[in-house]
Structures are given as structure tokens and as C-alpha cells.
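The values are calculated or read from the model by the stated rules, or taken from the named source; none is laboratory data. Because the structure is a prediction, the values reported are computed rather than measured. Note: ideal-geometry Cβ built from the backbone for every residue, glycine included; neighbour counts use all protein chains shown. Heavy atoms of the whole protein, side chains included, go into the accessibility calculation; ligands, DNA and RNA do not. Shrake-Rupley method; radii C 1.70, N 1.55, O 1.52, S 1.80 Å.
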Amino acid sequence: RKGDGSLAYPAVSPDGRWLAVIVPNRGEALLDLALSREQRRPVPLPPIGDSGQVFDAVSWSSDGKWLAGTAETSDSRSMPGILLYSPLTRAYTQLTTRGEVPVWMPGGKALLALEEGKVLAVDLATRSLREVLAPPINSSFISHCVSPDGRMLFVSEVSEDRKSTRLNSSHITI
């Protein structure tokens, strides 16, 4: 199905089999791309616990075993903290209580996330966070991605007055 506007923010799995999408007013869902177009139906992800929160997937791990994202309340407010979702077990793991917009680093041992306009590295083994890059004065980072080799970070920087946006890059070591 195309053009009906009912699915948003797609994230394709590394093997190309699954597409994580947001279904408005229903939360995150997975589409099985191995099925014919006519057979594809969004399969909703389970709610997060008993809270009624829904998962907002951002990126897949390179092995396709995890989706990283955040929680959202029923009235669409983002909750701080990073969650991991396993499509295999259909279970969530709370990774941190801080950060948003988690993006997997190559190799799957760390994520990059945003917090208060800064880029943080999240170590999966220790669940620790450390600052990787701070924006210039009077600006903040609003989005980010990392090169396939994990050595270059690209960030969108917006001025405090929201009048200008720039794309920047930086060499990083995680």
C-alpha cells in the first residue's frame, strides 16, 4: 500500500525482511516485507508494561535482533530513556532512564543518543552514558547518524532562536 499516509517513520531491518513503522494513534508495528504487498499488514508491537505507553522505534541493531527506541505516553508525550525491543521474544529492556533518538553504532556494542542537545554514547554492557559531542554555544543537536565504519558522526545543529540549521560532521572514537 502506498500513498494512504497511514504509516510513518520507517526503519528497515538490516536483512531487509522487516519494516518498523508508526501507525498513527496505535503505536509501533512491524511489516513483514517477505509477504506480497497484498498480504502485508502492520503487526502492532505490544504495549510497554501496564503503563499504556507505546514504543517509538528509531533504529535496528546490525544483527537485526534489537530495535532501539523510546517510550511515548498515550497522549504522545516522549518519555526520557532508551528501550530495546526484541522481535524474537516480543519483550522490552529498559537500557537507560536518559536520552532519546538512539542510533546503533556498527558492531552493536553501543548506541549514540541525544540529551539536552548533546550527543551521548551508551555502552550496552555497562549501560553507562558519556558525552561524545557538545554543540557550540547557543545551539543544540536535533538529529544524528553515524557512518557505516563508526568513525564519522553527522549531526544537525539548530540555533537557539531556531533561525538556522546546519549539518556538521566530526570524527569520533567510541
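In table form, for the structure just shown:
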{"quantity": "Pick from the stretch 60-78, criterion touching a residue at least 40 places away in the same chain (Cβ under 8 Å) and open to solvent by less than 20 Å² (accessible area, probe 1.4 Å), ranking: nearest to residue 148 (Cα to Cα)", "calculated": "61"}
{"quantity": "Options 58, 54, 103; residue that is touching a Cys at 6+ places or on another chain (Cβ under 7 Å) and under 17 Å from residue 9 (Cβ atoms)", "calculated": "103"}
{"quantity": "Residue satisfying condition, being of a type in the set (Gly, Ala, Ser), in contact (Cβ under 8 Å) with a residue 24 or more places away in the chain, within 26 Å of residue 173 (Cβ to Cβ) and open to solvent by less than 80 Å² (accessible area, probe 1.4 Å), within set 81, 108", "calculated": "108"}
{"quantity": "Looking only at the stretch 37-59, and only at residues there that are open to solvent by 60 Å² or more (accessible area, probe 1.4 Å) and polar (S, T, N, Q), the one that is nearest to the chain's Cα centre (by Cα)", "calculated": "51"}
{"quantity": "Boolean, residue 141 is surrounded by fewer than 16 Cβ atoms within 10 Å (Cβ to Cβ), more than 21 Å from residue 22 (Cα to Cα) and of a type in the set (Phe, Trp, Tyr)", "calculated": "no"}
{"quantity": "Some residue of the stretch 90-100 being over 26 Å from residue 173 (Cβ atoms), out of contact with any Cys (no Cβ under 8 Å at 6 or more places or on another chain) and small (Gly, Ala, Ser)", "calculated": "yes"}
{"quantity": "Unique match (being under 20 Å from residue 70 (Cβ atoms) and buried (at least 16 other Cβ atoms within 10 Å of the Cβ)) among 99, 150, 117", "calculated": "99"}
{"quantity": "Of residues in the stretch 153-167 being closer than 24 Å to residue 61 by Cα and not aromatic (Phe, Trp, Tyr), the one surrounded by the fewest Cβ atoms within 10 Å (Cβ to Cβ)", "calculated": "156"}
{"quantity": "Residues within the stretch 120-134 that are within 17 Å of residue 156 (Cα to Cα) and open to solvent by 50 Å² or more (accessible area, probe 1.4 Å), tallied", "calculated": "1"}
